Amino acid sequence: MKKIIFVILLSLVYGQWANAQINSTQDERMAWWRESRFGMFIHWGLYSIPAGEWKGQYDDKKIGEWIMNTYKIPYAEYSTLAKQFNPGRFDAKAFVKTAKDAGMKYITITSKHHDGFALFKSNVSPYNVVDATPYKKDIIKALTNECHKQGMKICYYYSQAQDWAEPNAWGNNWDNYPPEKERNHTQYINSKVLPQLTELLTNYGEVNMIWFDTPLSITKEQADTIKALVRKLQPKCIISGRLGGGIEPDYQSTSDNTVPPTTVTGDWEVPATLNNTWGFKKYDNAWKSPDGVTRLLFDIASKGGNYLLNVGPTADGVIPQESVNILKQVGDWMKVNGEAIYGSKASPYYLEFPWGNITQKPGRLYAGIFNWPQGDFYIEGLQSKIRRMYLLADKAKKPIPFEEQYNKQANHHTLKIKLPVQAPDKVLSVLVLEIEGAAKTEQQIVQDHTGKINLFGGKAAITKNGRAALLAINNNGGGAQNWKDAAIKLDWTFTVIKPGNYNMEVVSTETGAHEKPDWTGGHQVKVIFNGKVTDLKIYADSKRPNPRTLYWKNIITNAGSLTFEKPGIYQLKLEPITIIQEGRGFTFREINLVPAK
Ligand code: JFZ
């Protein structure tokens, strides 16, 4: 599974000019996308007819659009669904309106998913909505025309590797097709993928992006051919993150539903479901709350990403009412607070806050508060000078009183802010901070005003055998990615302001597929503080939901207590003794030190 790839560009002197050339066209392509921040994903196809049920069989843990694979339905049988595909209630206007009302700026629709069925008229294969169904109308055309009319960007999902209708493609290993190794993948690409992409990129006017997916073993050469074709036919069309073959796409996608725990540079996007499936399933009612979705939208923008949120229309051609309702509420919030989202950039901080997160524009920070404080509100570690503050929901921009505090000994800045008692929005309220110059934040780890000290894994010095090492703290629960090497050690240096006794908790995370979260415990570690070694076994003493993921919980291991005799700088180390090798490894996220009562 692809995770976010952190790319470090080494700018060689002679390479800088070349980079500027590449970046200028990429910047051009990406401009509307960066401005948008919020888009609609549409998974729609023949799978919306069985809607998660096949001959009386149901499965909560399977995604709807994979039903052909789930029940190993032969192509000859599955393809007859086309004769029933007749979405009489489909109205492109209604789709675009739902997206617009939500505040979404682009639509990405499945032009062909893994089942191989095309939602557009194709001369390459009769397995398409015009030639194989009683409906006979080109859905991609209708939606594209409507998007063009209404100023909505239109993007096509296209499954370039898996095509379960094709003997030479990837993925179908239940039909009587040649074994995967004997297939001529290139033949499939040349005879279906390239000609269909040509149709999509020539027959419908401007296409803003092709969203590729599940590349599997696609080669660099194959991916290059596909990329070159898209570039040739529509140079401004974005190529999404999952083309494969190691080629450079225009941006990265995270794993599905995965929100990174920190700010991430570059262009990236979270493809996400509204319940637990992409393609419509009639019995999936695990709807996310509109509050949760609004907070995720803000948090993703704060970390620098786009949110591509899915709806799965029914066989009738309507977006489920529950989805419409959720999106409408997000849209109402966007009407008031959209300024903090559209065209915003990532937070100047690396880490999220317990109360919410921050987006920015030149001269402005937008603090999105989802835990409205009882009493004073604090923003810590901001070095920039503040001009004024007001609530985004307040048209009069009535100044919010604040005080800039500075602890010289700890070199720590704190803003003490007098918010009104009542939050303007019960879900997430935005406080605007007008600042002088570019935002500057402290890099140190320092105790906050509640006394809590947060030692996040990604803030540690990470070493192996005394040398700098890499450990990605970015699994989909926000913890370490496959940490199985017990020689990797973590080490934090931090500033304590208030001496006293502190309880220590070690936090790891669930991870794995969103339909089945998973966690491995039993690892043995030591925590070293002030020459004192505490041996610890990683058990799930308690679990805590993480509002940033909605799927993967934080797992808490109580780790005893420690004492700071006086204010100052301290060091703490975490060193594994043994890590359980099966399963997910040690999904460590952070250590929290909390004042003991
Ligand atoms: C893929 C598809 O298989 C799925 O049907 C849906 O279209 C989704 C948006 O994309 O599923 C994936 C692809 C990549 C990951 C997980 C699920 N990943 O990188 O973790």
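The calculated 222 nm mean residue ellipticity attributable to helices in the chain amounts to -5500 deg cm²/dmol, summing -39500 (n - 2.57) over DSSP H runs of n ≥ 4 and dividing by all residues. Computed with a 1.4 Å probe on the full set of protein chains, the accessible area for D535 sits at about 110 Å². Of the listed residues K452, K232, the order by accessible area with a 1.4 Å probe, largest first, is K232, K452.
Quick one: of K395/K416; K62/K281; K532/K573, which pairs are farther than 19 Å apart, Cα to Cα?
Working: K395/K416 23 Å; K62/K281 10 Å; K532/K573 10 Å.
Beyond 19 Å: K395/K416.
Protection proxy ranking of 88-95, 541-548, by the mean of other Cβ atoms within 10 Å over each peptide's residues and highest first, is 88-95, 541-548. When Y75, Y350, Y58 are compared by accessible area at a 1.4 angstrom probe, the order from most to least is Y58, Y350, Y75. Rounded to the nearest 10 degrees, the inclination of helix 220-233 to the longest alpha-carbon principal axis of the chain is 80 degrees. Placing unit charges on the Cβ atoms only, positive for Lys and Arg and negative for Asp and Glu, gives the chain a dipole magnitude near 1040 debye about its Cα centre. In this structure the chain gives 42 Å² per residue of accessible area when probed at 1.4 Å with all protein chains present.
Using the per-residue mean of other Cβ atoms lying within 10 Å as a proxy for protection, in what order, highest first, do the peptides 357-366, 412-421 fall?
Details: 357-366: 20.3, 412-421: 16.4.
Sorting 357-366, 412-421 by mean packing, highest first, produces 357-366, 412-421.
Dividing the mean sequence gap of close Cα pairs (under 8 Å, 6+ apart) by how many residues the chain holds gives a relative contact order of 12 percent. May I ask for the distance between the Cα centers of the range 241-295 and the range 164-222, given as a whole number of Å? Centre-to-centre distance over Cα atoms comes out at 23 Å. Shape descriptor for the chain: Rg over Rh equals 0.99 (Cα atoms; Rh from the Kirkwood inverse mean 1/r). Quantify, in whole percent, the carbon and sulfur part of the accessible surface of the chain (1.4 Å probe; protein heavy atoms only). Of all accessible area on the chain, carbon and sulfur atoms account for 52 percent. Summing +1 for each Lys or Arg and -1 for each Asp or Glu among the other residues whose beta-carbon sits under 14 angstrom from that of L229 gives +1. Computed with a 1.4 Å probe over protein heavy atoms only, the accessible area of R231 comes to about 50 Å². Against the criterion of solvent-accessible heavy-atom surface with a 1.4 angstrom probe, F529, F280 sort, most first, into F280, F529.
The values are calculated or read from the model by the stated rules, or taken from the named source; none is laboratory data. In this text the structure is predicted, and so the values were computed from the model without any measurement. Positions of Cβ are generated from backbone atoms using ideal geometry, with glycine treated the same way; all protein chains shown enter the neighbour counts. For accessibility, only protein heavy atoms count, side chains too; no ligands or nucleic acids. Shrake-Rupley method; radii C 1.70, N 1.55, O 1.52, S 1.80 Å.
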